[in-house]
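In what follows, a single structure is set out as structure tokens and then discussed.
Nothing in this text is a laboratory measurement; each read-out follows from the coordinates by a stated rule. Bear in mind that the values here come from a model prediction, so they are computed numbers and not experimental data. Here the Cβ is made from the backbone with ideal geometry for all residues, glycine too, and neighbour counts use every protein chain on show.
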Amino acid sequence: MDIKKELLDILACPQCKGDLRLNEEKAGLICDKCKLLYEIRDGIPIMLIDEATPIG
């Protein structure tokens, strides 16, 4: 999975506007506040709340 640090620095959770962290194992971006995983498909983060996966 390849996502540039510059892109990661400007992306925010669409639900709470909080920071996201890259999770290589789950192939996505995680919002720790909302406990949501935003999948990265073909190098593109899917930043739709309806597409996010709740994490425990």
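Once both labels are positioned 7 Å from their Cα atoms along Cα-to-Cβ, the gap between Lys4 and Met47 label points is 1.4 nm. Checking every one of the GluC sites (Glu not before Pro) in the chain against DSSP loop status and a limit of 11 other Cβ atoms within 10 Å picks out Glu24, Glu25. For Glu51, the shell of other residues with beta-carbons less than 11 Å away shows a net charge of -1, using +1 for Lys and Arg and -1 for Asp and Glu.
Each Lys or Arg adds one and each Asp or Glu subtracts one; over the other residues with Cβ under 11 Å from the Cβ of Asn23, this totals -2.
Exposure proxy for Leu29, Leu11, Leu37: other Cβ atoms within 10 Å of each Cβ, ordered fewest to most, give Leu11, Leu37, Leu29.
Ranked from largest, the principal axis spans of the Cα set of the chain equal 24, 19, 17 Å. Mean residue ellipticity, 222 nm, helices only, the chain: the sum of -39500 (n - 2.57) across DSSP H runs of n ≥ 4, divided by residue count and rounded to 500, is -2500 deg cm²/dmol.
For segment 5-54, the relative contact order works out to 25 percent when only alpha carbon pairs closer than 8 Å and six or more residues apart are counted. Scanning residues 5 or more positions from Gly28 or on other chains, those with amide H under 5 Å from its amide H are Asn23, Ile40, with H placed 1.01 Å from N in the peptide plane.
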